[in-house]
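These notes concern the structure reproduced below.
Derivation of every value follows stated rules applied to the coordinates shown; laboratory data play no part. Note that the structure is predicted; figures quoted are calculated from it, not measured. Note that each Cβ is placed from the backbone with ideal geometry, even for glycine, and that neighbours are counted across all protein chains shown.
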Amino acid sequence: MNSIQVEMSEIIIPIRTKEDEHCYDIRVGSHKLHLSGRWARKCVGRLARKILIISNDKVFGLYGNTVEATLADSGFSVSVWKMRDGERFKNMRSIEAALAAFAASGLSRTDAVIALGGGVVGDLAGFAASIYLRGIAFLQIPTTLLAMIDSSVGGKTGINSDFGKNTIGAFYQPKGVLIDTNCLSTLDTREMAAGFCEAIKQGAIGSRELFDEVSSVLSDFHAERLADHFRDPKYRPRLARMISSQVKFKACIVSGDQRESAVRRDRRSRKILNFGHTLAHALEKVTDYKYFRHGEAVGYGIIYAAELSKELALVDEKVVNLLNDVVHRSGTLPKLDNIDPKLVIEAFRFDKKQVAGSLQMVLLKGIGKPVIVDGDDIPHSAHLSALKRLFAR
């Protein structure tokens with residue numbers, strides 16, 4: 001991956017994968033939505049005549065008219081399909097409805113799809129684009145912090161099913177990603193907390209510098225006064241720099257291991273990005289994807305993985321307490337009172353991170369020091385003890 005370029009207050013992060021010749025850029029800046037037509041035209045080329053926006057009512061109500069108008073100005077015939085909002089609607093029924101909308105709009109192999117929204121919209125839109133006419137161009141305009149730093153980067157697309165989260169999907173890289181940090185000013189505190197938890201996760205596995213950057217932002221800008229922060233001239237540039245650092249880290253991992261090789265176990269394997277996600281996906285599954293925002297579940301997953309790392313003598317109590325403190329600085333997470341720990345452990349068997357019949361867990365030997373451990377090497381009692389300590393916290 002090439003070094004980051006800065007052009008006119010815009011940060012350009014190129015994605016160059018080793019496994020194929022597909023290349024694209026992630027652009028980070030403010031006030032970018034009114035330029036999305038020219039950006040899309042540059043990404044998909046002059047042969048594209050039609051473009052379909054996938055969004056939801058809330059996001060499209062905020063940004064849809066701007067994006068639709070600028071796409072039309074760039075010569076596209078624009079269609080819109082809006083899915084229902086929420087993780088539980090990232091399913092096969094929604095995929096079928098999206099594909100029907102593609103067909104009704106007359107999209108051809110040279111046309112394109114734009115995901116305008118958070119991670120649910122991006123995951124579903126990317127998967128639909130990957131299977132329609134055996135693959136059409138796909139663009140991402142993420143509007144949540146979590147989508148900006150995580151789900152829009154790396155080409156993982158998919159939907160949920162009765163047998164697990166994201167168990168149906170494909171690796172399908174977009175033609176481009178446009179991040180407008182101004183979109184974050186309309187998010188509620190829960191959505192920002194979800195995004196910050198994902199940032200903490202990447203900091204924990206990335207480096208002490210990346211972790212401290214997130215921790216510093218959360219120390220200087222209290223999560224519960226979000227509306228006030230966006231009026232502070234110091235907040236937006238700090239947030240933009242943090243987002244760029246997060247995207248750069250994930251882009252580096254993805255560039256070296258695009259399809260998450262089953263045999264890799266090193267510290268730059270794409271598997272390390274699953275830190276905190278084993279418990280997160282289990283929590284989401286046992287609550288039918290209705291109770292947690294994904295990042296909130298990841299917040300608990302981070303603390304659980306830290307507790308499990310301590311149970312296996314990989315880290316000491318100081319690391320666990322540090323992660324717990326920073327996660328809770330991101331905001332108030334939903335309570336665990338009504339969740340049965342035994343059901344959570346049972347849900348682990350649906351996790352897609354199984355390799356040769358054994359669930360691989362991403363744990364820590366310290367901040368910035370991830371380690372991949374086979375589930376067979378983790379006693380059941382360690383899981384129970386870690387869960388007990390998590391629920392007690």
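Starting from the coordinates of the alpha-carbon atoms of the chain, obtain the Kirkwood hydrodynamic radius over all distinct pairs and give the value in Å to one decimal.
On the way: mean 1/r = 0.0474 Å⁻¹.
Result for the chain, one decimal place: 21.1 Å.
How far, in nm, would the chain grow between Lys318 and Arg393 when pulled straight, counting 0.36 nm per residue and subtracting the alpha carbon separation?
On the way: separation 75, 0.36 × 75 = 27.00 nm, distance 1.48 nm.
In short, 25.5 nm is gained.
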Give the angle, between 0 and 90 degrees and rounded to the nearest 10, that separates the Cα long axis of helix 277-286 from the longest principal axis of the Cα atoms of the chain.
-> 80 degrees
Please list 81-89, 230-238, 36-44 highest first by mean number of surrounding beta-carbon atoms within 10 Å per residue.
-> 36-44, 81-89, 230-238
Taking the Cα atoms only, what angle lies between the long axis of helix 119-131 and the longest principal axis of the chain, rounded to 10 degrees?
-> 60 degrees
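Arranged from highest to lowest average of other beta-carbon atoms within 10 Å per residue, in what order do the peptides 201-211, 127-137, 217-227 appear? Don't jump to the answer; show the numbers that get you there.
Values: 201-211: 22.7, 127-137: 19.5, 217-227: 14.8.
Highest-to-lowest ranking by the protection proxy: 201-211, 127-137, 217-227.
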Taking the convex hull of the alpha carbon atoms in region 189-392, what volume per residue do you get, in Å³?
-> 112 Å³
Estimated inter-spin distance, Cys252 and Ala69, nm [label 7 Å along Cα→Cβ] = 4.1 nm
Pop a pseudo-label 7 angstrom from the Cα along the beta-carbon direction at both Arg38 and Asp228 and give the gap in nm to one decimal.
-> 3.9 nm
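Shape verdict for region 39-195, please, from the Cα gyration tensor: rounded (a/c under 1.5), prolate (a/b greater than b/c) or oblate. Present the calculation step by step, with values, prior to reporting the outcome.
Working: a/c = 1.59, a/b = 1.13, b/c = 1.40.
Here region 39-195 falls in the oblate category.
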If one builds a Gaussian network model of the chain from Cα atoms under 10 Å apart, the most fluctuating residue listed among Ser108, Ser261, Ser309 is Ser261
Find how many whole Å separate the alpha carbon centroid of region 306-323 from the alpha carbon centroid of region 167-198.
-> 29 Å
Among Ser219, Thr70, Gly154, flag the residue with its Cα farthest along the positive direction of the charge dipole of the chain, charges on Cβ as +1 for Lys/Arg and -1 for Asp/Glu.
-> Thr70
Ranked highest first by the average count of other Cβ atoms within 10 Å around their residues, in what order do 284-296, 362-374 fall?
-> 284-296, 362-374
Round to the nearest 10 and give me the degree value, 0 to 90, for the angle of helix 189-206's Cα axis relative to the longest principal axis of the chain.
-> 70 degrees
